[in-house]
Each structure stands twice: as structure tokens, then as C-alpha cells.
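Take a look at the structure below.
The values are calculated or read from the model by the stated rules, or taken from the named source; none is laboratory data. As the structure is a computational prediction, the values presented were derived from the model and not from experiment. Cβ placement follows ideal geometry from the backbone for every residue including glycine, while neighbour counts extend to all protein chains displayed.
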Ligand SMILES: [Zn+2]
């Protein structure tokens, strides 16, 4: 992919409509398309939609007017200080430029960038809101209208350019994945870990996006900091980890760069790509068409990955905490919206705040009736009004409102989780209160604090020891279901308490006794995913640790080399004749155990190992 028009609003192709970069003396984009075609490389055109600074500078009437009255925000160093309005005459100009590119160059597709949802009180937006009878003075209404405008411009763009060439590969960066179900040809997750995304978001978005029926690309970048950091370069291990982490989650890879407008080649960056892609290319036979294998369906509130006018980030925090716990435990899972149909064989994990009603209620009822297993936490499993558990015949709990304790402590029944400390452990975030009914075993109990945290007019009540057990459950279990009363998943995202993960692991051992993968000798920071191809099951093992360095940067400078990793893979119907390490096909001795698992030892793991069990 290469920029036909960048976020500065400059075109790099021969345009009759837009503004060509003033120092460009030839058709750079055209030359690149020609060069790629000679080598049999497909090339897509990049065009920024939400930003086009030079055009916005010359056409202030094309820019977003914020409700405070700014067409330029006060902080001019924020790249989004001036944004383009999708309802202004800019829309026709944008569509004309995109059509010009598609008509004049044999591009494989187009990537439209920075398609944010920006509320605007420019005259076109306000008049349309008035015409539609919308309350244009309400922030929520303006955001909903901006969201509608964002999807509408994407549809217009797609319609116009697909009318010129139908087979174009299209992606609209900034639209929710599900909003481009009918528009995008593939999905792409922009994730530059050092540029603000961090290393925890890829598994969450990958495991969600890969279930939406389209190929998913993992877009990382070569910059030490974020986009446009011309002089910044990633360490080889960190960039390679980004790529491998995506590949292990069944995403393909792109590495983003920022080309010098003079056409200079950055030799260090290109040599880095060559080394990394040179190694990754050898893995292709085990990556192409590989599908993830999973045991767990993690159901999240359906607005977690979608725009809602007044959405909070709690859904994504809970999904991130859950993903972190499951990744550290080497569990195989997909993330699905709460009303998605899931494979009845899977263990269902309802993520902190998933109420059951309508379709989700029916799906969960059928799952549990058929003997399926489930774990829920906090407000999950309640009815839509949060008045009572939606399926008390399976939860065997009665809802008693919000937890009155701040903080609450959890005390575990001895022997349930070996490593759990023998003490009341802090639950840092508020949850709910329940009463266990016949059929539910109370595994852990809530211990009340002496006082609640707060201010009594004289004292700040801050240092609060645990007092007495309350008799109220903190964790209950039935043979097929476990419920935690507190939001342990979003709490794990914020607080990362290892004992909470140990407790979760003990629950999983009961409810998922035969996971796809069991390992020993693989530390909590290592990651393991299972994928499949016809006649093959594969295990990716990854051992890279991001370390916080400086104020904001998480650094991976080298992989952590691990030795003697024991792996057991559930075979189901696979009858492997050989096991080896890809890509060298270095054979590994393995044993098929009577319990249906293949067992082997990986003598040394140099950061990434791809184990293959093959018929
Ligand atoms: Zn507007």
C-alpha cells in the first residue's frame, strides 16, 4: 500500500482535482504501481479521509466545526486539530479523487484512513439534523449523527469506486468492524504497541475480528514511537514479535512506514523488513489458511467493539483482563458479541457485564440444558433490568443488589486453589451481592471491612483491615457453572492480581478438564496458540517480554530463550505420524497418551517455535 493522498492533503499521483505535493516533479504513485506490477506485487492506494490538512486550510468550509466553535482546535500539535466534515462539499471532492485513482491506476484496492466519528455543527450538519427532527444541541444526538455520517460516506465511497472496478479490496480504518461488514473486503487492526496501543490489545481485537468472516491484517509499524516518527526504528525482536503474535492469532502482517517525500530509501528500515519477512516467509505453508482452534467462547457486551453514543470503555477493559488471564494460562479462546451463536462444545465465559435477554438468554439456556459449562462474573447472568438472575435454575443464586462493601475481601475455602494465599485478599472494584440457593457450592466468601472507604467529616477512612466473614458468597460453583460476584476480569486488566488468576485457573480445571493445550515449563509471560490445517495441528509458542522503559515506552530488545518446554496437545480426531518444528521440519519425538493427548518436549525455544503435528 502506498499513499495516493496523505493526511497532509498532498497527492503523490497526477491529479487534476487535488493538490500534488509541491516538491514532487513526477508521478511517484504511478511509478510505484508500475514497478510493483513488474514484480507481480499487488498495490493498494492509501487515502486519508478524516484529515486533509492542505485542503482544509484552503477550504475552511470543508472542515468540522466543533460545538465550541473551533475549526482549528487550540492544540495545533495534535494531528487532529483540523478535521474534514463528511457532509460538506469535501465529500464530493474526496469521492472524485478516489475515483480518479481507481480509473487511472491498476490498483488492487484502497485503504481509507482516519475515518473517525467527529461531532460537527457546521451548517450542513446542523441543517440536516434539523431536517431529520434531531436535537442538534445534544452531544449524544450529534455523536449518533456523526456516526451515521461516517458510515454513509464509507458507503458512498464504496459504491462509487466499486462501480468503476468491482473487485477492489477496500478497508475503512476507523469504522467499527461490524459497520463495514457489507463494505470492507477484509479487516485490518491498526496496532502499533509503542505508539499508544500497548502489547495487550492485539489478542483482544484479533480474537474478535477473526470471527467476522473476513481475512484480518495486523498493521504494525517500524517507528520507535508513533506514526510519522521518521527517525525512529523498532528493535528487531519487538517488530518480529508483533508480526509473530498476529500470525499466531491467524492474522496476516503489514508493517507501516513513512516514506520520505523526496523518495529517499531508508536503508536500515528496509533491511529490517527484509530480515524479518525473510524469516516469516518460510513459515507460509503452516500459516496460509490456518484456522484457530479454541475451547472457550468469551462473550462480551455487544457494544464493546461497536460505536454507541454513550459507550463506556468498561467492556473493552473486561475483555482485555479476560484475554490476559486466558493468555497467561495458555487457554484457547475466541471473543464474540453476547448475542452471537457459539459452538455448544465450548466453555462459555460471560465477561463481567453481560445480561441475558432475548437471543443470548435462549442460547445460554440451550447450552446449559445440554450440559454445557459456563463461568460468569459480576453483573453477568442477570436479566436485562438487573433485577434477578435470568436463569436461576442453573445459577442457583439469588441477586441481592450491589455489594455494600468498599473494599471487599475474598476468603477462599481451603484446598480449592493450591497457590491462593491463606488470607482475605482485596477485591479492588465493587461487585454484586448474592445468596447461594440449594445446588450452589460456596467456594469463597466475602469478608467485610471494618468501615467503608470514605470521609466522615473528621477522618479520611483509608487504611481499612478486613473484619469478619459475612456469610455472603464471593465465588459459587455447580458442577457446570461458576459465578464470581466481583468484576474479576476488568479488575485483572487494572490490577493484575496473580492470586485472582490462580483462583480462575482452579475454576477452569473443574469446568474445562480437557483443554486443547497443556504446558509445563512455560512461564506466565509466554504465549501459546493452537491452529489447524487439514491433517495438521500446530502450536505457536512465543516468549517475548515487553519491559517498561522510559515514561511511556514498552521495550522488547531480545526474546527470552526457554528450554525443555513440555507440551501436551489434545488430538481429537487427528492421528499424527510425525511432529516437527517448522520451518526446518526438525523432527521431535512424541508420545500419544491413552487420554488422547500427544506429548513432547521442545528442547529449546528461541523466542518463537512453531510445533507441527501431522498425519
Ligand atoms: Zn459538518
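Conditions tested, residue by residue: (1) touching a helix residue (DSSP H, G or I) at 6+ places or on another chain (Cβ under 8 Å); (2) more than 25 Å from residue 318 (Cα to Cα); (3) in a strand (DSSP E or B); (4) not assigned by TED's automatic domain parsing to the domain that holds residue 465.
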| residue | (1), (2), (3), (4) |
| --- | --- |
| 414 | no, yes, no, no |
| 417 | yes, no, no, no |
| 422 | no, yes, no, no |
| 430 | no, no, no, no |
| 433 | no, no, yes, no |
| 438 | no, yes, no, no |
| 444 | yes, no, yes, no |
| 448 | no, no, yes, no |
| 451 | no, yes, no, no |
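Find all pairs meeting these conditions: Cβ atoms under 6 angstrom apart; at least six residues apart or on different chains; first residue within the stretch 206-232 and farther than 18 Å from residue 294 by Cα; second residue assigned to a helix (DSSP H, G or I) and modelled with pLDDT of 95 or more.
Here the result reads 218/246; 220/242; 222/269, each pair linking the stretch 206-232 to a residue that is assigned to a helix (DSSP H, G or I) and modelled with pLDDT of 95 or more.
Any residue at all in the stretch 228-239 that is part of a helix (DSSP H, G or I), within 16 Å of the ligand (Cβ to nearest atom) and modelled with pLDDT of 95 or more?
Within the stretch 228-239, none of the residues are part of a helix (DSSP H, G or I), within 16 Å of the ligand (Cβ to nearest atom) and modelled with pLDDT of 95 or more.
Restricting the search to the stretch 66-81, which residues are free of Cβ contacts under 8 Å to residues at least 60 places away in the same chain and either within 20 Å of residue 149 (Cα to Cα) or within 16 Å of the ligand (Cβ to nearest atom) (or both)?
As a first pass, look at the stretch 66-81 and keep what is free of Cβ contacts under 8 Å to residues at least 60 places away in the same chain: 66, 68-78, 80-81.
66, 68, 69, 70, 71, 72, 73, 80, 81 - these are the residues of the stretch 66-81 that are free of Cβ contacts under 8 Å to residues at least 60 places away in the same chain and either within 20 Å of residue 149 (Cα to Cα) or within 16 Å of the ligand (Cβ to nearest atom) (or both).
Is one or more of the residues making up the stretch 547-567 farther than 24 Å from residue 202 by Cβ, crowded, with 16+ Cβ neighbours inside 10 Å and at pLDDT 95 or above?
No.
Among the residues of the stretch 112-120, is there at least one that is away from the ligand (no atom under 16 Å from the Cβ) and either surrounded by 17 or more Cβ atoms within 10 Å (Cβ to Cβ) or under 33 Å from the mean Cα position of the chain (by Cα) (or both)?
yes
Listed residues 545, 539, 530, 560; which is farther than 15 Å from residue 285 by Cα and assigned to a strand (DSSP E or B)?
From the options 545, 539, 530, 560, the qualifying one is 530.
Please state which one of 30, 40 is exposed (fewer than 13 other Cβ atoms within 10 Å of the Cβ) and either assigned to a helix (DSSP H, G or I) or free of Cβ contacts under 8 Å to residues at least 40 places away in the same chain (or both). Talk me through it step by step, then tell me what you get.
On the way: 30 fails: exposed (fewer than 13 other Cβ atoms within 10 Å of the Cβ).
The match here is 40.
Sort through 554, 584 and tell me the only one that's more than 24 Å from the chain's Cα centre (by Cα) and either more than 19 Å from residue 246 (Cα to Cα) or in contact (Cβ under 8 Å) with a residue 40 or more places away in the chain (or both).
Working: 554 fails: more than 24 Å from the chain's Cα centre (by Cα).
From the options 554, 584, the qualifying one is 584.
Hey, can you tell me all the residues within the stretch 470-496 that are farther than 13 Å from residue 426 by Cα and in a strand (DSSP E or B)?
Within the stretch 470-496, 470, 471, 472, 473, 475, 476, 477, 481, 482, 483, 484 meet the criteria.
Name every residue in the stretch 82-107 that is surrounded by fewer than 16 Cβ atoms within 10 Å (Cβ to Cβ) and within 16 Å of the ligand (Cβ to nearest atom), in order of residue number.
Once the filter is applied, which keeps residues that are surrounded by fewer than 16 Cβ atoms within 10 Å (Cβ to Cβ) and within 16 Å of the ligand (Cβ to nearest atom), the stretch 82-107 yields 89, 92.
Can you name the residue in the stretch 41-64 that is out of contact with any helix residue (DSSP H, G or I) (no Cβ under 8 Å at 6 or more places or on another chain) and within 14 Å of the ligand (Cβ to nearest atom) and, of all such residues, is farthest from residue 146 (Cα to Cα)?
60
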